[in-house]
Amino acid sequence: MPQIPSSVVPNFSDQPAPKSIQLSVALDGAGWHPAAWREPGARPADLFTSAYWADLAFEAERGLLDFITIEDSLGLQSEHFGTGADHRTDQVRGRLDAALLASALGPITSSIGLIPTVTTTHTEPFHVSKTIASLDYASNGRAGWRVQVSSRRHESEHFGRRDIPEIDRKWARTEHGRRVIGELFDEAADAIEVVRRLWDSWESDAEIRDAETGRFIDRDKLHYIEFEGDHFSVKGPSITPRPPQGQPVVTALAHAPIPYQLAARGADLVFITPQTIDDIPHLVAQVRDAERLVNRTGTPLLIHADLLVLLNETQRGATERLARLNASDGTDLRSDAAIVATTPQQLADQLVEWSAAGLDGFRLRPAVLPDDLRAITRGVVPALQRAGLFRAGYEQDTLRQRLGLPEAVNRYAAIA
Amino acid sequence: MSTRKQIILGAHFPGVNNTTVWQDPDSGSQIEFKSFKHMAESAERGKFDFLFLAEGLRLREQRGKIHDLDVVGRPDTFAVLAALSSVTSNLGLIGTINATFNEPYEVARQFATLDHLSAGRAAWNVVTSSDAFTGANFRRGGYLDRELRYERARELVQTARELWDSWAPNAIAADKQTGRFLNEENAGAFAHTGDQFEIRGRFNVPRPPQGHPVILQAGDSAQGREFAAQTADAIFTRHGTLDEGIAFSRDVKARAVRNGRSADDLKVLPGVGFILGDTDADAEEINREVRLQQVSPQTAILLLEQVWNRDLSSYDADGPLPKVDPDVESISIIQGRARIVDGVLETAQRYRALAEAKNLSIRELIVEVTSRGLFVGSARTIADKLDEFVLAGASDGFILVPHIVPHGMDRFVDEVVPLLQERGALRAEYDSGSTLRENLGLTPATPATVWAERAGDLEAAAS
């Protein structure tokens, strides 16, 4: 573990006011530790009820977090990455459709952003577009989308329409492997482009209700998107009018150059996974390189780091808690993101320090729900507020505004 | 409470067509969530069984242009119903989802999720379309032959049932003490091989609370009736007169029985409009005004074009019918909705005869011939009519289509519902914790294997 200073007290006397830290949580089942569901406060029997998710969203909103993300995939959870479901009976298996879950949270929350994961490989972009647009309506401008490529063979077998080879690390580095993965990500970039064009395919003032001429809409303000790509074509326009945000916030998790390029081509925000503070400049540089490589114009990607967090009032308590959970699961916790077992204050200090190293914010993956979510909202957030780096209340209405993204300009209206 | 036959009631949030009188000052948004919320809350206040949402996957065109006279645009069915699940507690949530442009794993997952989120209130109205016009919005395009539409739909529903059955009802132990989350090692395991789908793997949503969400099917053709009789829990029809309703109900229920089911396993639910007035005469007056708003001169011409299949834009809606006959050769002038193909010339003959006999203009004719399935009258009259239908066996209930969004159900709930409750035709309260399946009086979900056996028996009997 890197040495973390016990308290970082920023001294900005002759510098501009420090930039606020953007903060979100990634919700998944009972939490990111496979043994989380066995903790005393866990509600494993409720994982498939709306009440469970509503309580988590309310807690995140009480903590003034920017948004929650909801994990999803088209396959059953497994301890193996590429080869399909396992036969374990001692871990959480099964999950609800994240986009519908987010939609259910829309009308009962009032401020927090809602970002479900929706895959691009098998799911029709036309469906994705209207689903996220409708989430934006049901939440009054708080919708986002975490784009996920579904590269796994067993998931393609759930659809039976295409053959995706089994991907492992070694094969992924071969020429054939690189080409297959590259194609999946190219297709995902096309899917994002289609979704975004569909969001723009109605100008905001297309509905005119002109009793004089009997016209409900001005059809000149509706646009065919005429997308033609290597993998599919889509005509448009959408059946759903342009959502309140114009363009809901598009995000992607990325660990390597090809995914960075996907984010740079289509996303507003990228989640990265530095293991130490020393990784940050290098990873940020890779993201910026990817932006140059794909000729990104407009707003640079917001960069958030993912951290898997397990919190306790004392450092020793946190360490012991992790050990206890590991023993309960039978293996040590592994993750693509750095695992931080510490106190809320120390985590806040780390966020301040890492953020100064070049990040816009963080997505925390609570190891145990609701325990670590509460430690974030009731421990980490107040510590950041004390440091003057986190809001005292929700101010902006839409998720785009809160994240400092510019108003979405409609590409078709701009041309007209 | 009496044991007399209950009326099933659903509220249809009107889709994109000329039903909704958007010119009316009381007409609100068709898109904003608060409209859906208001209508759902009204329906729930009225102890309705469900709210019904239609779907469209491409904006309609006529004469090659996007249709702009009627309501255009709507949000996603699944997203709206999921959002409604958290602001209602007893109302069934019926989504129309196309069987052509969806895949079984995804659609089964979405309905299972909706059923979990709503604690057993999800239902699927299965519709089909296969035209390349709608397909242009999807990866695979319009890849399906017309005659394969129902075949794919049937197999899609069967496959979804197999996926819903892939988790045992007690698959989740969630036992912290023993460390057993699952009671079965292979929860969700499935393999389906058929003409339309060949898929295998593990389904990743536990068994829905209803076992299988309720299945509805819309369609009056012989093929559609047979599909419903083989596959659905309820059939959505357009038969709005008593005699038509009785004949239709007898036919589809007999088909259900031939498919090894009981007549009561298939509920008949016509979609009907209604116009409520203080008196019958008052309602008739309102109806005349509403009908003229629904059928503007431009709309009258467009609706006539759908039969004539010709550009009639040079005709005067207040003038007589065209002298030319319908064009039955050319491709459809309308895209994005079913074209009337059979009996077009006979229809035109009938229109001409009617217009001549009653001296009707184009618009007056269209007003007259498109007002099927409409109940007009005072609250008492409408309550009597609804009841008469159900007691006569013409239907098991109704899907009510208001002409104003989002307040179109309010007056029905305030005035007609109490009359129905008085005579014991509608519940006074929901049964606590009941599912949609239970509210509709349906039996518990029949396993997918039984549905498959029935289909197999039929094939064997046919061969």
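The values are calculated or read from the model by the stated rules, or taken from the named source; none is laboratory data. This structure is a prediction, so every number in the text was calculated from the model and none was measured. Don't worry about glycine lacking a Cβ; one is built from the backbone with ideal geometry, like all the others, and counts go over all protein chains shown. Side chains included, ligands, DNA and RNA excluded: accessible areas come from the protein's heavy atoms. Shrake-Rupley method; radii C 1.70, N 1.55, O 1.52, S 1.80 Å.
About its Cα centre, what dipole magnitude does the protein assembly as shown give when the only charges are +1 on Lys and Arg Cβ and -1 on Asp and Glu Cβ, stated in debye to the nearest 20?
That gives a dipole near 1020 debye.
Net charge near residue A:384, counting Lys/Arg +1 and Asp/Glu -1 over other residues with Cβ under 10 Å of its Cβ?
Within the 10 Å Cβ shell, the charges total +1.
Checking the a/c ratio against 1.5 first, then a/b against b/c, what shape does the Cα gyration tensor give for the range A:205-300?
Taking the square roots of the gyration eigenvalues as a ≥ b ≥ c, the range A:205-300 is prolate.
In Å², rounded to the nearest 100, what is the total accessible surface buried by chains B and A against each other with a 1.4 Å probe?
Answer for the B-A pair: about 6400 Å² buried.
Working from Cα positions, state the angle (0 to 90°, nearest 10) between the long axis of helix A:125-138 and the longest principal axis of chain A.
With both axes taken from Cα atoms, the answer is about 70 degrees.
Normalised radius of gyration for the range B:101-177, please: alpha carbon Rg relative to 2.2 N^0.38 Å, two decimal places.
Expressed relative to 2.2 N^0.38 Å, the Cα Rg reads 1.40.
With springs only between Cα atoms under 10 Å apart, run a GNM on chain A and tell me which of A:294, A:149, A:128 wobbles the most.
Highest fluctuation among the options: A:294.
Between residue A:162 and residue B:357, what is the FRET efficiency for a Förster distance of 41 Å, r being their Cβ-Cβ separation, to the nearest 0.05?
Calculated transfer efficiency: 0.10.
From the alpha carbon gyration tensor of chain A, can you work out the equivalent ellipsoid semi-axes (sqrt of 5 times each eigenvalue) and give them in Å, largest to smallest?
Three semi-axes, in Å: 34, 26, 22.
So, with +1 on the Cβ of K and R and -1 on the Cβ of D and E, and no other charges, what is the size of the charge dipole of chain B about its Cα centre, to the nearest 20 debye?
800
Counting Lys and Arg as +1 and Asp and Glu as -1, what is the net charge of the other residues whose Cβ lies under 10 Å from the Cβ of residue B:267?
-4
Expressed as a fraction of 2.2 N^0.38 Å, the rule-of-thumb size for a compact globular protein of N residues, what is the C-alpha radius of gyration of the range B:255-298?
2.01
As I understand it, the value is the acute angle between the Cα axis of helix A:257-266 and the longest principal axis of the Cα atoms of chain A; what does it come to in degrees, rounded to 10?
Roughly 50 degrees between the two axes.
Take the cross-link list B:47/B:253; B:34/B:65; B:253/B:385; B:37/B:267; A:19/B:34 and give me the ones stretching past 32 Å between alpha-carbons.
Pairs exceeding the cut-off: A:19/B:34.
Relative to the Cα centre, what is the charge dipole magnitude of the range B:103-174, using +1 at the beta carbon of each Lys and Arg, -1 at the beta carbon of each Asp and Glu, and rounding to the nearest 20 debye?
140
Report the extension gain between residue B:183 and residue B:258 in nm, rounded to one decimal, defined as 0.36 nm multiplied by the number of residues separating them, less their alpha carbon distance.
Gain on extension, residue B:183 to residue B:258, equals 23.2 nm.
At q = 0.13, 0.14, 0.24 Å⁻¹, work out log10 I(q)/I(0) for the range A:271-382 with the Debye formula, treating every Cα as an identical point scatterer and leaving solvent out; two decimals please.
Debye curve over Cα of the range A:271-382, log10 I(q)/I(0) at q = 0.13, 0.14, 0.24 Å⁻¹: -0.54, -0.61, -1.33.
May I ask for the Kirkwood hydrodynamic radius of the range B:316-463, worked out over all distinct Cα pairs and given in angstroms to one decimal?
Evaluated on the range B:316-463, it is 20.7 Å.
What does the extension gain come out to for residue B:325 and residue B:200, with contour length at 0.36 nm per residue minus their alpha carbon separation?
Extra length available between residue B:325 and residue B:200 comes to 39.7 nm.
With viscosity set to 0.692 mPa s and temperature to 37 °C, compute the Stokes-Einstein D of the range B:202-266, Rh being the Kirkwood radius across alpha carbon pairs; µm²/s, no decimals.
Translational diffusion coefficient: 257 µm²/s.
Can you give the relative contact order of chain B as a percent, counting alpha carbon pairs under 8 Å and 6+ residues apart?
Answer for chain B is 23 percent.
From the helices alone, meaning DSSP H stretches of at least four residues, give me the mean residue ellipticity at 222 nm for the protein assembly as shown, per-run term -39500 (n - 2.57), in deg cm²/dmol to the nearest 500.
One gets -11000 deg cm²/dmol as the mean residue ellipticity at 222 nm.
So what are the protein assembly as shown's ellipsoid semi-axes, whole angstrom, largest first, if each one is the square root of 5 times an eigenvalue of the alpha-carbon gyration tensor?
Equivalent-ellipsoid dimensions as semi-axes: 49, 30, 27 Å.
Can you give the Rg to Rh ratio for the range B:192-328, taking only C-alpha atoms and Rh from Kirkwood?
Rg/Rh for the range B:192-328 comes to 1.13.
State whether the range B:144-272 is rounded, prolate or oblate according to the following rule on the C-alpha gyration tensor (a ≥ b ≥ c being the square roots of its eigenvalues): a/c under 1.5 gives rounded; otherwise a/b larger than b/c gives prolate, and the remaining case gives oblate.
Judged from the Cα gyration tensor, the range B:144-272 comes out prolate (a/c at least 1.5, a/b above b/c).
Taking the Cα of residue A:336, stepping 7 Å toward and past its beta carbon, and measuring to each backbone N in the range A:116-132: which are under 17 Å?
What the label zone holds, given the 17 Å backbone N cut-off, is A:116-122.
At 7 Å along Cα-to-Cβ for each site, give me the label-to-label distance between residue B:423 and residue A:230 in nm.
If labels sit at residue B:423 and residue A:230, their model points lie 6.7 nm apart.
Compare B:316, B:278, A:66 by solvent-accessible area with a 1.4 Å probe and give them largest first, with all protein chains kept in place.
Descending order: B:278, B:316, A:66.
Tilt of helix A:344-356 relative to the longest C-alpha principal axis of chain A, in degrees (0 to 90, nearest 10)?
Helix A:344-356 and the main axis of chain A meet at about 50 degrees.
Using Stokes-Einstein with the Kirkwood hydrodynamic radius over Cα pairs, what translational diffusion coefficient do you get for the range A:80-145 at 20 °C and a viscosity of 1.002 mPa s, in µm²/s rounded to a whole number?
Estimated via Stokes-Einstein, D reaches 159 µm²/s.
Mean projection of the alpha-carbon convex hull of the range B:255-381 over all orientations, in nm²?
In nm², the orientation-averaged hull projection of the range B:255-381 is 11.2.
Please report, as a whole percent, how much of the solvent-accessible surface of chain A comes from carbon and sulfur atoms (probe radius 1.4 Å).
48
With all protein chains present, calculate the accessible area of residue B:34 using a 1.4 Å probe and round the result to the nearest 10 Å².
That residue has around 140 Å² of solvent-accessible surface.
Calculate I(q)/I(0) for the range A:141-233 by the Debye formula, one identical point scatterer on each C-alpha and no solvent, and give its log10 at q = 0.11, 0.13, 0.15 Å⁻¹ to two decimals.
Evaluating at q = 0.11, 0.13, 0.15 Å⁻¹ gives log10 I(q)/I(0) of -0.52, -0.65, -0.76.
Name the residues of the range A:218-242 whose accessible area falls by at least 10 Å² when all protein chains are present instead of the chain alone, probe 1.4 Å?
With the partner chains in place, the range A:218-242 has these residues losing at least 10 Å²: A:219, A:222, A:224, A:232, A:233, A:234, A:235, A:236, A:237, A:239, A:240, A:241.
Over all directions, what mean area does the Cα convex hull of chain B project, stated in square nanometres?
That works out to 23.9 nm².
How big is the range B:309-379 in terms of Cα radius of gyration and Dmax, in angstroms?
14.0, 47
Using only alpha carbon pairs under 8 Å that are at least six residues apart, calculate the relative contact order of the range B:1-137 and give it in whole percent.
Worked out over the range B:1-137, it gives 25 percent.
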